[in-house]
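Working notes for the structure below.
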Amino acid sequence: RQMCIRDRISRHYTGLAGRAHGVNNGFYPLGSCTMKYNPKVNEEAASLEGFAGIHPLQPEHTVRGALRVFDLAEQYLCEITGMDAMTFQPAAGAHGEFTGLLLIKAYHHSRGDEKRTKIIVPDSAHGTNPASATMAGYSVVSIPSREDGCVDLDKLKEAVGEDTAGLMLTNPNTVGLFDKNILEITRIVHDGGGLCYYDGANLNAVMGIVRPGDMGFDVIHLNLHKTFSTPHGGGGPGSGPVGCKEFLRPFLPGFMVKGPQSIGSVKMFYGNFGVVVKALAYIMTLGREGIPEASSNAVLNANYMMNKLSDLYQMAYNETCMHEFVMTLEDLKHDINVSAMDIAKALLDYGIHPPTMYFPLIVHEALMVEPTETESKETLDEAIEVFRSIYEKAKADPQSLHQAPVKTPVRRLDEVTAARKPVLRYIGE
């Protein structure tokens with residue numbers, strides 16, 4: 001009987017796994033999330049007994065190999081980002097944002113500059129940016145983007161003042177564009193006495209090519225699950241290490257040693273060690289030549305796909321993009337009532353994970369597409385053909401897209417009701 005139960009359980013979870021879509025299953029162009037392939041060598045490295053079988057409370061002399069991992073990872077990530085020091089305690093990207101803002105706060109406090117209570121955040125920022133600033137006790141000042149999708153310098157100058165603690169910025173930004181005025185942006189903030197925080201969500205477009213530290217940023221968080229190929233979400237715990245320039249080093253969190261100005265621990269022990277092992281394996285596998293090559297290929301893939309679709313789909317910004325591009329379906333929605341949601345749902349019937357929908361908020365009916373560097377030209381061509389065929393179908397029979405998807409185990413859900421009246425647990429009969 002026990003064998004029978006085990007078989008049923010195994011088949012049950014195998015069936016569930018077949019319903020899940022990941023990078024191993026097919027194209028996964030989730031914009032701003034960098035859903036890149038997780039090399040199996042990373043998993044093998046993290047599974048080595050000397051790494052997997054240790055405990056953070058062991059005597060230091062018995063875990064020197066693990067400590068060497070942190071040292072190497074800090075050295076390489078500081079080289080890639082242009083920072084001087086790194087902490088691996090933060091458990092995720094948003095946790096890293098919060099930690100970085102606490103460094104900024106501690107810096108101003110150490111100088112007795114208590115009047116700096118505001119963080120400037122562009123309107124194209126990730127939603128976690130204003131949330132993290134608020135959690136750190138700051139007021140958020142939103143500044144608009146120009147028509148070209150970049151920071152409005154005049155509005156930035158108006159916003160910077162004696163109450164400015166810092167600026168949070170992603171570059172390339174959330175519409176996939178590298179801000180050509182980045183040095184002027186960080187200079188304006190520094191001249192006003194503020195610090196500059198770099199959201200590392202889009203670092204995959206520029207790693208090994210340009211460094212945030214050279215752009216004028218003082219503190220940065222990294223998403224190891226994005227840029228450095230460790231698993232997302234259910235694939236394992238996250239890690240959002242925070243790097244900083246030398247003058248902020250005294251404020252970094254720590255486990256074994258904390259200076260008098262440290263913000264204290266933000267997580268138990270050293271951080272999610274296994275994730276750092278995986279990221280280090282990725283960096284050492286690619287090396288100095290492979291890191292910029294990965295970025296270059298990500299940018300090439302995005303521009304190839306954007307150009308192959310621009311005759312049908314309206315691009316939010318008709319410029320060379322970085323690793324992602326944003327389409328606006330505002331005209332389709334207005335003319336034939338086909339929304340970004342309809343296109344995204346239709347993609348499911350072709351085995352393609354939908355792009356990011358309705359983000360960034362400054363683009364109406366937005367679809368943000370990010371084909372990562374590991375996707376082949378054949379895969380991109382197949383995806384382009386799917387996008388084009390869905391567009392033609394929308395024009396010929398718009399009503400059919402309102403029913404999509406029709407081939408998935410679960411049809412289109414009532415997402416409004418699900419959001420307003422969530423059922424959070426299963427109640428058996």
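The values are calculated or read from the model by the stated rules, or taken from the named source; none is laboratory data. Quick caveat: nothing in here was measured; it's all calculated off a predicted structure. FYI the Cβ positions are ideal-geometry reconstructions off the backbone, even for glycines, and counts take in every protein chain you see. Just the protein is used for accessible areas: all its heavy atoms, side chains included, with ligands, DNA and RNA removed. Shrake-Rupley method; radii C 1.70, N 1.55, O 1.52, S 1.80 Å.
Here are the numbers:
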read-out: Subset of the range 108-146 [closer than 24 Å to Phe247 by Cα and either in contact (Cβ under 8 Å) with a residue 40 or more places away in the chain or of a type in the set (Lys, Arg) (or both)]; value: His108, Ser110, Arg111, Asp113, Lys115, Arg116, Thr117, Lys118, Ile119, Ile120, Val121, Asn129
read-out: All positions within the range 266-290 that are within 19 Å of the chain's Cα centre (by Cα) and outside any loop (DSSP other than H, G, I, E, B); value: Val275, Val276, Lys278, Ala279, Leu280, Tyr282, Ile283
read-out: Pair list, Cβ under 8 Å, 6 or more apart: the range 191-208 residue buried (at least 23 other Cβ atoms within 10 Å of the Cβ), other residue acidic (Asp, Glu) and in a loop (DSSP other than H, G, I, E, B); value: Leu195/Asp218; Cys196/Asp218; Tyr197/Asp218; Asn202/Glu324; Asn204/Glu373; Ala205/Glu324
read-out: Candidates Lys105, Lys115 - the one that is in a helix (DSSP H, G or I) and among the basic types (Lys, Arg); value: Lys105
read-out: Subset of the range 348-361 that is more than 22 Å from the chain's Cα centre (by Cα) and not small (Gly, Ala, Ser) - its residue that is farthest from Val23 (Cα to Cα); value: Asp349
read-out: Test result for Lys180, under 23 Å from Glu60 (Cα atoms) and in a loop (DSSP other than H, G, I, E, B); value: no
read-out: Residue satisfying all of: in the range 52-86; among the hydroxyl-bearing types (Ser, Thr, Tyr) and within 19 Å of Tyr282 (Cα to Cα); least open to solvent (accessible area, probe 1.4 Å) among these; value: Thr81
read-out: Breaking point among (1) within 26 Å of Gly176 (Cα to Cα); (2) surrounded by 21 or more Cβ atoms within 10 Å (Cβ to Cβ), for Ile104; value: (1)
read-out: In the range 392-416, residue modelled with the lowest pLDDT [restricted to those that are among the polar types (S, T, N, Q) and within 23 Å of Ala20 (Cα to Cα)]; value: Thr408
read-out: Unique residue being without any contact (Cβ under 8 Å) to a residue 12 or more places away in the chain and part of a helix (DSSP H, G or I) when the list is Ala45, Ala17; value: Ala17
read-out: Selection count where residues are in contact with a His (Cβ under 8 Å, 6 or more places away or on another chain) and more than 14 Å from Lys118 (Cβ to Cβ), scope the range 155-195; value: 4
read-out: Some residue of the range 151-166 being free of Cβ contacts under 8 Å to residues at least 60 places away in the same chain, part of a loop (DSSP other than H, G, I, E, B) and within 30 Å of Gly50 (Cα to Cα); value: no
read-out: Index of the failed condition, Asp381 passing every other in (1) farther than 30 Å from Val299 by Cβ; (2) modelled with pLDDT of 90 or more; value: (1)
